[in-house]
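The next block holds one structure in the form of structure tokens; read it before the comments.
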Amino acid sequence: MRHPSQVLTDTAIIGAGPVGCLAAIALAESGQSVTMLESNPYPTKKFAGEWLHPAGLEVLQKYDIPLDSLADSDYARGKGFVIYPDDDSEPVCLDYPAGESGFVCDHLGLVKSLRSKAESSNNITFLPFAEVNRLEKGIVSYQDKTTDSLREISASQIVGADGRRSMIRSKLGENRRPRLLSYMVGVSLDAASLPHEGYGHVFLKAPGPIIMYRAAKNTVRACLDVPVHVFRDAGCKKTLLLEEYCPTLPPDLAHAMAIALERDPLSVRPNQFMPRSFYGTDDFPLVGDAVGYHHPLTAMGMTLGFHDADALARSHTFREFERERLTRSYVPEILAVALYEAFSRKDKGARDIRQAIYQMWRKYPVERTRTMRLLAGEETNFLRFSQSFFRGIQLAVTGSVSASLRMQQLQVLPTLGSIGKLLYLLAKPSSSRLVPFGSSLTGLKSRRV
Ligand SMILES: Cc1cc2nc3c(=O)[nH]c(=O)nc-3n(C[C@H](O)[C@H](O)[C@H](O)COP(=O)(O)OP(=O)(O)OC[C@H]3O[C@@H](n4cnc5c(N)ncnc54)[C@H](O)[C@@H]3O)c2cc1C
């Protein structure tokens, strides 16, 4: 049975994940009436974003999201990252800029907290049993799971916050397939201590990077990146992790990881890459993972998504929103792509690039600061990013790392070539990615559903 449009709202938001909720809160604060539709009424525990950079935290604070109850350890304020090189050399410590911190919390707790903040607003109607299945300009059709009936609402603007498999994105004609990068295995270690509490740890000696941080008072979260071919070829995934990942860790952590692997079922998610190049149209703007996503190594997904939500609420026009987000997401995204490629590949060229990056960080404190300003979301200027990037490349190709200049140049160049190809993907003219280099957005066509 189909009910006619009964609800009139300024904005309908599809999806009440972290970004959809924040978009609802931000738009409601700007005076709009908002209806938020979610197909999954009970947010489930899933292996997803837990580390927020200072720029993401700042947006949550701006909208008074209660965070104290989410801070489940003395180390919830992330201080930065410690990188453990693959050559067993001394770890490199990258601190957030002075006076700044990130925030670490359980993903489920964060979503619950955002949903309850949204529900407390007089301007927001939350429909938690609503699976959106059809859209046209100004009309959202959904299956009401409580009554098993089809319903409609009328909205001046329909925001897609429906995550990686966004139906709005594909209805708008954006059907590019994501690129599968690797698999991420999530493991929770009990009663383990980290060498640098309060920091995210990145261990680079295993077949893929291992990221660890304290997720709660008694829990250290380990995220194990497993290359696609290694994952698919492994008969028993647990044996693979026990034999090839555990031994690369400091002994205490290796022991805690082995216990957790024996005890718990594996939680696995694909790591995929979809460039953040399409923000929807003026009738159907997109925010969060519905825009695009990349490898979680740099933990940027939620920070970028929260800024999408904030920018949407502040912007007077869709063009203003789109221009701001295209410009400001570009550098964090290429940093994520370049660092993941450099840290995950095992060829000689990539090893030399890694060496150059370690050397750059050790030799130039200004580069450590710059990397963290980029990660913290404070630096989104492409020229500043490229200064660091090219200084790293220069170190790699001028042979200051290895004695054999000629060999090294030969080995580094193909690796740079393939990183360059990925960067090119981000910069493709068809995806309007040339904006950061100064071209205009006015030629963009808005497509309709
Ligand atoms: C393993 C892993 C680790 C990560 N670690 C980090 C990290 O440390 N830091 C970080 O910042 N980011 C991290 N990320 C990324 C982060 O989790 C995402 O960027 C973030 O969750 C995106 O939020 P979202 O609200 O855009 O989408 P989602 O969280 O996917 O929410 C989308 C919502 O839309 C709903 N929905 C979908 N379709 C419909 C429909 N048709 N009708 C109604 N509702 C619908 C879904 O049920 C869902 O609730 C990680 C990701 C992964 C996979």
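The values are calculated or read from the model by the stated rules, or taken from the named source; none is laboratory data. Only a predicted model underlies this, so the values are computations on that prediction, with no experimental measurement involved. In this analysis, Cβ positions are derived from the backbone assuming ideal geometry, glycine residues included, and neighbour counts consider all displayed protein chains.
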Report task. All but one of (1) at pLDDT 95 or above; (2) not assigned by TED's automatic domain parsing to the domain that holds Gly288 hold for Asp190, so report the exception by its number. Result -> (1)
Requested in this report: Might you let me know whether the range 288-303 holds any residue that is in the same structural domain as Trp51 (by TED's automatic domain parsing), within 16 Å of the ligand (Cβ to nearest atom) and among the acidic types (Asp, Glu)?
Outcome: yes
**Report entry** One residue from Asp68, Asp88, Asp106 being acidic (Asp, Glu), over 19 Å from the mean Cα position of the chain (by Cα) and modelled with pLDDT under 90
**Finding:** Asp68
Report summary line: Leu253 meets each of (1) closer than 30 Å to Leu67 by Cβ; (2) in a strand (DSSP E or B) with one exception, condition (2)
Report summary line: Taking the range 335-365 and keeping residues assigned to a helix (DSSP H, G or I) and of a type in the set (Phe, Trp, Tyr) leaves Tyr340, Phe343, Tyr358, Trp361
Query - Of all residues in the range 312-370 being among the aliphatic types (A, V, I, L, M) and in contact with a Ser or Thr (Cβ under 7 Å, 6 or more places away or on another chain), the one that is modelled with the highest pLDDT - result: Ala313
Query raised in the report: Considering only residues of the range 263-313 that are small (Gly, Ala, Ser) and assigned to a helix (DSSP H, G or I), which is nearest to Leu242 (Cα to Cα)?
Result: Gly301
Query raised in the report: Which of the residues that make up the range 130-174 are in contact with an Asp or Glu (Cβ under 6 Å, 6 or more places away or on another chain), more than 18 Å from Asp10 (Cα to Cα) and either more than 11 Å from the ligand (Cβ to nearest atom) or assigned to a loop (DSSP other than H, G, I, E, B) (or both)?
Result: Gly163, Arg164
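With respect to Ala76, is the statement that it is at pLDDT below 95, touching a Cys at 6+ places or on another chain (Cβ under 7 Å) and farther than 30 Å from Glu367 by Cα true? First the steps, then the outcome.
Values: at pLDDT below 95: yes; touching a Cys at 6+ places or on another chain (Cβ under 7 Å): yes; farther than 30 Å from Glu367 by Cα: no.
No.
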Requested in this report: From (1) over 18 Å from the mean Cα position of the chain (by Cα); (2) free of Cβ contacts under 8 Å to residues at least 40 places away in the same chain, pick out the condition that doesn't hold for Ala356.
Outcome: (2)
Query raised in the report: Of the residues Val111, Val104, which is within 22 Å of Met300 (Cα to Cα) and touching a Pro at 6+ places or on another chain (Cβ under 8 Å)?
Result: Val111
Query raised in the report: Inside the range 176-185, can you point out the residues that are surrounded by fewer than 20 Cβ atoms within 10 Å (Cβ to Cβ) and in a strand (DSSP E or B)?
Result: Arg179, Leu180
Query - Yes/no for Leu94 being in a helix (DSSP H, G or I) and buried (at least 19 other Cβ atoms within 10 Å of the Cβ) - result: no
Query raised in the report: Among the residues of the range 22-43, which ones are closer than 21 Å to Asn133 by Cα and assigned to a helix (DSSP H, G or I)?
Result: Ala23, Ala24
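Check Tyr213, Tyr279, Tyr245 and return the single one that is touching a helix residue (DSSP H, G or I) at 6+ places or on another chain (Cβ under 6 Å) and either in the same structural domain as Thr371 (by TED's automatic domain parsing) or touching a residue at least 12 places away in the same chain (Cβ under 8 Å) (or both).
Tyr279
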Query raised in the report: Is at least one residue of the range 305-326 under 17 Å from the mean Cα position of the chain (by Cα), among the aromatic types (Phe, Trp, Tyr) and surrounded by fewer than 24 Cβ atoms within 10 Å (Cβ to Cβ)?
Result: no
Report summary line: The correct count of residues that are away from the ligand (no atom under 13 Å from the Cβ) and either part of a loop (DSSP other than H, G, I, E, B) or under 19 Å from Phe126 (Cβ atoms) (or both) in the range 44-67 is 5
Query raised in the report: In the range 216-242, which residues are of a type outside the set (Lys, Arg) and free of Cβ contacts under 8 Å to residues at least 24 places away in the same chain?
Result: His229, Val230, Asp233, Ala234, Gly235, Cys236, Thr239, Leu240, Leu242
